[in-house]
1. Output the Kirkwood hydrodynamic radius of segment 53-176, Cα pairs only, in Å rounded to one decimal.
2. Kindly put 470, 551 in sequence by how many other C-beta atoms sit within 10 Å of each C-beta, fewest to most.
3. Give me the number: length gained by fully extending residue 338 to residue 319, i.e. 0.36 nm times residue separation minus the C-alpha to C-alpha distance, one decimal in nm.
4. Debye calculation, C-alpha points only, no solvent: report log10 I(q)/I(0) for segment 188-333 at q = 0.12 Å⁻¹, in the same order as the q values.
5. Considering only the other residues whose Cβ falls under 15 Å of the Cβ of residue 69, what net charge follows from Lys and Arg at +1 and Asp and Glu at -1?
6. Can you tell me what the convex hull of the Cα atoms of segment 625-739 projects to on average, as an area in nm²?
7. Taking the convex hull of the Cα atoms, report for segment 515-657 its projected area averaged over all directions, in nm².
8. Given the chain, what count of lysine pairs have C-alpha atoms under 15 Å apart, with each pair 8 or more places apart or on different chains?
Amino acid sequence: MLGSTHGTFTTGLRARVVACGEAPPVVVHGVTAAPGDQDVSGRPLHAPVPDLDRFFRPESVAVVGASDTEGRPNTGITRQLLAWAERVGARLVPVHPTRTSVFGIDCVPSVGALTEPVDLAVLLVADPLPVIEELAAAKVRFAVAFASGFAETGEAGAAAQERLAAAVRHSGLRLLGPNTNLNAFERFREDLEGPAVALITQSGHQGRPVFTLQELGVRLSHWAPTGNEADLETSDFISYFAGRPEVGAIACYVEGLKDGRSFLLAADRAARHGVPVVAVKVGRTETGARTAASHTGKLTGADQVVDAAMRQYGVIRVDGLDQLQDTATLLARARRPVADGVVVYSISGGTGAHFADLATAAGLELPTLPQDKQDELHQWIPEYLSVANPVDNGGHPVGDWRGRKIIDAILADPSVGVLICPITGPFPPMSDRLAQDLADAAEATDKLVCVVWGSPVGTEEAYRTTLLGSSRLATFRTFSNCIGAVKAYLDHHRFTSGYRSPFDEAPRTPSPSLRKAQALMRPGRRLSEHAAKQLLRAYGIRVPREQLVTSAAAAVRAAGLVGYPVVMKASGAQLAHKTELGLVKVGLTSASQVRDAYRELTDIARFESIDLDGILVCQMVGRGVEMVVGVTRDELFGPTVTVGLGGVLVEVLGDTAVRVPPFGEQEARSMLADLRGRALLDGVRGAPPADVDALVEVVLRVQRMALELDGDLTELDINPLMVLPRGQGAVALDALAVCR
């Protein structure tokens, strides 16, 4: 064995690594990463953070293709840009080859004729490619290309986009688009205070509901409409917004990710800064993925991998735009929780019970209030009403001070971090007084106070003025959005409070195992079981005692050395499913059985025209929990590691969890917690608990293998991995490996 697992990574592996040649530098977004800034697979370990200050707040803007001819699309855009430039204090320079002025502002005939430095160029031309070189010569820092007809249209458009991207890479400027719009230049309200939501969308229309939150008093600071992302992408804006002091949360609508590692590094930067990222990610279904690709020309990624990667780095994934609005708003504005307990306060027992059911099912903790607290509440609430949690007040007091006393008493309990009051419909004057008491209490406490205003009308004074008028009160329109947002709020702060970046502990130099493993690789071929097990052994993963033989006599000798009883298997690179072909014999206890098994296995192989490299004579391993651990390559994220229930159950139940390297021991254990069959590892129906520590060790060693052999290994499947009773380890009984 190469060592044991402690802390974040397999320290035995990390402590004994040796350099196997210096890795070449890599370039990400035009930034060169030195070898020390790469992990052992050659991927970067830090997010390059573009300085986008002059994009969002330029001192000068050139509009290429500016127009003031009424009825022309460029005229409306030019007019909007003029208004925006005035708001941000920028000087606007129209660029047009034949006009002398636009809207009374002197024109220049070309980008090359600009006489002063320009921060941002807006390209209102059908083909932005010829302009890029001129912009680079003029040392323009940023450009926006509105033109469509690129990767979203198919192969020819994708080729045109790659030519544009290549020109941008060589130019030194940064490009937003193509196939984008004017959302970055909207009118943002500057009279709103508090932490803001920064918005990133690949589709401008899909960001509109979040942008209009300003009308409900929610502050927005930026809107980045990324379009096809030939250069600047979602990850760049996440990295930038994560460091902005005014940004309280980042809301994203993502159709496809340009690069998986860039996204993880950006999410990691946000997690380090404690800035929540809330995202709608299209592509949960085949139809959605296909539509997204046609819209933006991007890979949507295997959804299970995308989902796991987001959870690894604390990105809160939601499904609807309404959820995006509500969750991002709550996370931006709410203070850090002081406790995880949630209390439901209701004027109706039925409402309280309904809400409590949904909240508990979602994983929120609804603690029973202590008896002394219940006695205190019963000073103002009739004894026959339950106040254990939910708190049923039977009708919020209207004519005196008791209502506020009840709310304050609940919030004073140390187990309570969140108070939620569902109001299913307006019932003035009771609902009006209740709304006011909740708003006043929210202003006076450091705990989160939420209201669900269930009226479909939404024009009531209590809602429009009292509830929305408070920046400390979180107001929702549906039970589900409130519960989802509160859970995301508690989960986010729990995640960031203990966050340790896996990139800080990622292996940077190869282990001694790598050279042994590379000697076993056969490019473009599948390895035999025997060779695949040698690969596992090179990384310290335990396999049964076994010998590969090519005669019946050798099989008998091997059985004596391995020790009866034995298992015999055909071994060959073509064999993926030996059991179905009868090429596995189990529980052989004598030399005669071994000889007969050898002849039968070789006869079947000849009949099926299967080339063998021999017959494996293997140790019989005791019973345990059969698991599967594997590696696959994702188009976006590279190598991924999967763990699940193994044997035949892997195909029947599909109970698996996946993670994207790098990750540490805690994340490996959380993979097991994700499994529906996790209880099997704890021991059921009298079975002893399994050696979970050994299983976690195997997962981490497989991860190390996946990183180091990223250029050589396409797929690895250990099935079954027999996890023996606690303290006895785990043994890989079978393995399949496919080389790139």
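Quick note: the coordinates plus some simple rules give every number you see, no bench work behind them. The shown structure was predicted, so the numbers you read here are calculated from the model rather than taken from an experiment. No Cβ is skipped: glycine too gets one built from the backbone with ideal geometry, and neighbour counts run over all protein chains shown.
1. Details: mean 1/r = 0.0679 Å⁻¹.
With all distinct Cα pairs of segment 53-176 included, I get 14.7 Å.
2. Values: 470 21, 551 13.
Placing the least packed residue first, the sequence is 551, 470.
3. Working: separation 19, 0.36 × 19 = 6.84 nm, distance 2.82 nm.
This chain segment gains 4.0 nm when fully extended.
4. -0.42
5. Numbers: positive: 72, 79, 99; negative: 68, 70.
Result for the neighbourhood of residue 69: +1.
6. Values: hull surface 27.3 nm².
About 6.8 nm², averaged over all directions.
7. Values: hull surface 40.1 nm².
For the Cα atoms of segment 515-657, the hull's average projected area reads 10.0 nm².
8. 9
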